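What follows is a set of notes on a single structure, which appears directly below.
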Amino acid sequence: LVDDGSTDNTPSILADYAERDPRIILVMNRRNAGLTASLNKGLAVASGAYVARLDADDMALPNRLAQQVDFLDRNSDYVLLGSAYTWIDASGRKTGATFPPTDDTSIKWQLLFNNSFGHSTVMLRRSALIAAGLEYDMYYSQTQDYDLWARFLRAGRGRNLPEPLVLYRLHDAQDTHTQAACQLAFALEVAQANLRSLGFCLSREQVILLRGVYEKNAALRLDKIEAGMVF
């Protein structure tokens with residue numbers, strides 16, 4: 001558990017959990033270091049075969065870890081695994097769901113333009129991350145996960161399980177609302193870098209246009225799937 005310089009009673013709550021469960025390792029930042037630095041601290045301390053992510057305000061369903069571990073145990077060529085996720089509001093009421101692409105090819109297509117994984121749904125193979133020499137890039141204060149997954153999946157395969165395994169909380173104080181413009185700017189930079197790795201040097205405006213075309217086509221494809229059309 002990484003506490004990024006909390007100023008409320010979070011440290012005492014975490015200490016109580018750690019005292020009752022010896023499996024818990026606390027990483028306490030003396031002052032707020034930001035999400036990216038805290039993520040890298042967590043990766044540095046982690047020692048398991050797999051690393052699973054979960055933000056403090058999100059909730060993993062009871063079967064989440066078991067299903068993901070089972071998949072990765074049976075599929076050694078996969079290095080990154082997420083899932084669909086259900087949206088909840090500040091009070092925990094379900095408000096919708098997101099079903100990202102599930103197969104490796106579709107995931108990598110989407111990663112060219114936008115993130116294919118809900119950050120709190122991800123489980124990754126730690127040995128593959130170490131072998132690739134990767135961590136979260138400190139340049140990105142936002143969308144650092146999108147950047148890492150795009151680079152990581154150049155070294156292996158990715159998948160999303162179709163069943164929602166995480167409750168993803170939306171509230172007015174989170175970065176999705178307060179840092180929306182910053183998130184978009186960084187996401188466009190990541191998309192530009194992804195396309196540049198394939199030899200396409202595109203402007204921000206061109207990337208925005210391509211993202212729009214991709215998202216429109218993806219929405220049309222989803223509508224056809226839901227309508228039972230075969231193509």
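The values are calculated or read from the model by the stated rules, or taken from the named source; none is laboratory data. Source: prediction; values computed, not measured. Positions of Cβ are backbone-derived with ideal geometry, glycine not excepted, and every protein chain shown enters the neighbour counts. Keep in mind that these areas ignore ligands, DNA and RNA; they rest on the heavy atoms of the full protein, side chains included. Shrake-Rupley method; radii C 1.70, N 1.55, O 1.52, S 1.80 Å.
Where does helix 35-45 land angle-wise versus the long Cα axis of the chain, in degrees 0 to 90, nearest 10?
70
Using only protein heavy atoms and a 1.4 Å probe, report how much of Ser47 is accessible, in Å² to the nearest 10.
Rounded to the nearest 10, that gives 100 Å².
Under the definition of Cα pairs under 8 Å and six or more residues apart, what whole-number percent is the relative contact order of the chain?
22
So how strong a dipole does the chain carry about its Cα centre when Lys and Arg Cβ are +1 and Asp and Glu Cβ are -1, to the nearest 20 debye?
Dipole size: approximately 580 debye.
Could you go through the stretch 146-159 in sequence order and give the Karplus-derived ³J(HN,Hα) for each residue, using 6.51 cos²θ - 1.76 cosθ + 1.60 with θ = phi - 60°, rounded to whole Hz, and x for Gly and Pro?
In residue order, the calculated couplings are 4, 4, 5, 5, 4, 6, 5, 7, 6, 10, x, 9, x, 7 Hz.
Find the relative contact order for the stretch 79-139 and round it to a whole percent, using C-alpha pairs within less than 8 Å whose residues are 6+ positions apart.
For the stretch 79-139, the relative contact order is 39 percent.
Using a 1.4 Å probe, how large is the accessible area of Thr98, given in Å² and rounded to the nearest 10?
Looks like 40 Å² after rounding.
May I ask you to derive the FRET efficiency for Lys216 and Asn29 from their Cβ-Cβ distance with R0 = 45 Å, giving the value to the nearest 0.05?
Working from the Cβ atoms, E equals 0.60.
Lys pairs in the chain, Cα-Cα under 26 Å, at least 8 apart or on separate chains: how many?
Summing the qualifying lysine pairs gives 5.
What does the highest-first list of 88-96, 28-36 look like by mean Cβ count within 10 Å?
28-36, 88-96
Heads up, I need the accessible area for Arg74: 1.4 angstrom probe, whole protein in place, Å², nearest 10.
150
Enter the accessible area per residue of the stretch 26-140 (Å², integer; probe 1.4 Å; all protein chains in place).
Each residue of the stretch 26-140 exposes 51 Å² on average to a 1.4 Å probe.
With a cut-off of 8 Å between alpha carbons and a minimum separation of six or more residues, what is the relative contact order of the stretch 131-211 in percent?
That works out to 25 percent.
Contour minus end-to-end for Leu184 and Asn75, with contour as 0.36 nm per residue of separation and end-to-end as the Cα-Cα distance?
Fully extending the segment from Leu184 to Asn75 adds 35.9 nm.
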